[in-house]
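Values quoted throughout were computed directly from the atomic coordinates according to the rules given, and no laboratory measurement underlies them. Fair warning: this is a prediction, and the values are worked out from it, not measured in the lab. Counting neighbours? That spans all protein chains shown, and the Cβs are built from the backbone with ideal geometry, glycine included.
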Amino acid sequence: MKYLKFLIIGIIFGIVMFKSEAASWFRIYEMFQFQSFHMYGIMGSALTLGVLGTWLIKKYKLKSIDGEPIKFTPKNKSFSRYMYGGILFGLGWALAGSCPGPIYTLIGAGYISILVVLVGALVGTFLYGLLREKLPH
Amino acid sequence: MEWILEPWPWYVAGPLIAGIMFLLLFGGRTFGMSSNLRTMCTIGGAGKKADFFAFDWKAQRWNLVVVAGAILGGFIAANFLSTDISVEINPDTVTTLENLGFASAGEAYLPNELFATNALTDPKSLVILLIGGLLIGFGARYAGGCTSGHAISGLSNLQLPSLIAVVGFFVGGLVMVHLLFPLIF
């Protein structure tokens, strides 16, 4: 039963991704053409509340439901891995019109062909694991 | 309640996404979807080929349950919470896409030219989807996160690395759409 809450969170996430059209290839294309505020509004409002809430959690040292302090792990400092990795991700995001979350939403929505994107993403992740030592980080 | 069946506006979706991140934080976890790809590689036995995958994936089971939920959520949204799923994008965007050969622009949720089941018999769309996925998987792990891990979780915590990654996401996306699309389509 301890996993039930994560299932419910996932269901809400899947519904929001589909209903907001953030899982639509067309919305991603439109965003990169700067022809709609929609995607910027989604990310901007999520971020505004995210920054505020994260600040409040830290300020009031809020605890999780298990009574543990909520920890934020700082990301390792670097430039190259974030920029190079980010650019590669962005190329794929625009081409397949989907990021890792919406891939699952679209499977549920019945788009069989998104499984090809998922297979590609798994192979890409595997290739990264193989080449990791040789890449600048 | 009619509005539920319509597409949800950004000011409903954005706050809900922030809410999902906070629910996970209060559940003692963090919001990040692309790490599931690594977990799936590990379950598939990739740990024998690269140390990167040699970790105890069972600690990540909760996130796979989130994935199962996201699949279920997509099913519920598409089948029970929508009447018309065509995405009303900007008419200018529709024109640009029609000129690129996407006749389904403005009339579908995903372009039929790439995602319709019969497009799977077209080698070109198959290769496009595969390469798109490859870049998503490789890039997300290289950058240490995707839209959820960096653009939402990381930026909410004011992480400079996440800002660099998000700038990278946009550089890549803009190059693809503006420079490469005219060559591909």
Between the alpha-carbon centers of the stretch B:79-111 and the stretch B:117-138, tell me the distance in whole angstrom. 19 Å
Within 10 Å of each Cβ of B:28-39, how many other protein chain Cβ atoms are there on average? 5
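Once R0 is set to 22 Å, what does the formula 1/(1 + (r/R0)^6) return for the Cβ-Cβ distance between B:K48 and A:L115, expressed as a FRET efficiency to the nearest 0.05? Mind showing how you got there, number by number?
On the way: r = 25 Å, r/R0 = 1.12.
Once rounded, the FRET efficiency stands at 0.35.
Using Cα pairs under 8 angstrom and six or more residues apart, how large is the relative contact order of chain B, in percent? Walk me through the intermediate numbers first.
Numbers: 120 pairs, mean separation 39.8, N = 185.
Relative contact order comes out at 22 percent.
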Starting from the Kirkwood Rh over alpha-carbon pairs, what translational D in µm² s⁻¹ does the stretch A:15-86 have by Stokes-Einstein at 25 °C and 0.890 mPa s? 160 µm²/s
Ratio to report: Rg/Rh of chain A, with Cα atoms as the point set and Rh obtained by the Kirkwood method; give two decimals. 1.00
Whole-Hz Karplus couplings 3J(HN,Hα) for the stretch B:84-100, θ = phi - 60° and coefficients 6.51, -1.76, 1.60, Gly and Pro as x, run 10, 9, 5, 9, 7, 8, 3, x, 5, 5, 4, 4, 4, 5, 4, 5, 7
Full extension between B:V12 and B:T95 adds, at 0.36 nm per residue less the Cα distance, a length in nm of 27.1 nm
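What is the stretch B:1-138 by shape, rounded, prolate or oblate, if you read a ≥ b ≥ c off the alpha carbon gyration tensor as root eigenvalues and call it rounded for a/c under 1.5, prolate for a/b larger than b/c, and oblate otherwise?
Details: a/c = 2.45, a/b = 1.30, b/c = 1.89.
It is oblate, given that a/c is not under 1.5 and a/b is not larger than b/c.
If contacts are Cα pairs under 8 angstrom and at least 6 residues apart, what is the relative contact order of chain A in percent? Display every interim value, and only then the final one.
Numbers: 67 pairs, mean separation 46.6, N = 137.
Answer for chain A is 34 percent.
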Going 7 Å from the Cα of B:I4 along its beta-carbon direction, which residues of the stretch A:1-41 have the amide nitrogen within less than 16 Å of the resulting point? A:11-20
Between the helical axis of B:123-143 and the dominant principal axis of chain B, each derived from Cα atoms, what acute angle in degrees is found, rounded to the nearest 10? 40 degrees
If the convex hull of the alpha-carbon atoms of the protein assembly as shown is projected onto planes in all directions, what is the mean projected area in square nanometres? 16.1 nm²
In debye, nearest 20, what is the charge dipole magnitude of the stretch B:2-184 about its Cα centre with +1 on Lys and Arg Cβ and -1 on Asp and Glu Cβ, if you could check? 1140 debye
For chain A, list the DSSP H helices whose alpha carbon atoms reach 27 Å or more along the long axis and whose average Kyte-Doolittle value is 1.6 or above? none
Per residue of the stretch B:50-58, what does 6.51 cos²θ - 1.76 cosθ + 1.60 with θ = phi - 60° give for ³J(HN,Hα)? Whole Hz please, x for Gly and Pro, Karplus curve as stated. 8, 4, 3, 9, 7, 9, 6, 5, 4
Cα long-axis angle, helix B:160-174 against chain B (0 to 90 degrees, to the nearest 10): 30 degrees
In the stretch B:75-100, which residues have a backbone nitrogen under 20 Å from the label point lying 7 Å from B:H178's Cα in the Cα-to-Cβ direction? B:90-100
Taking the dipole about the Cα centre of the stretch B:2-184, with the C-beta of Lys and Arg at +1 and of Asp and Glu at -1, give me whichever of B:F102, B:A59, B:G74 is farthest to the positive side. B:A59
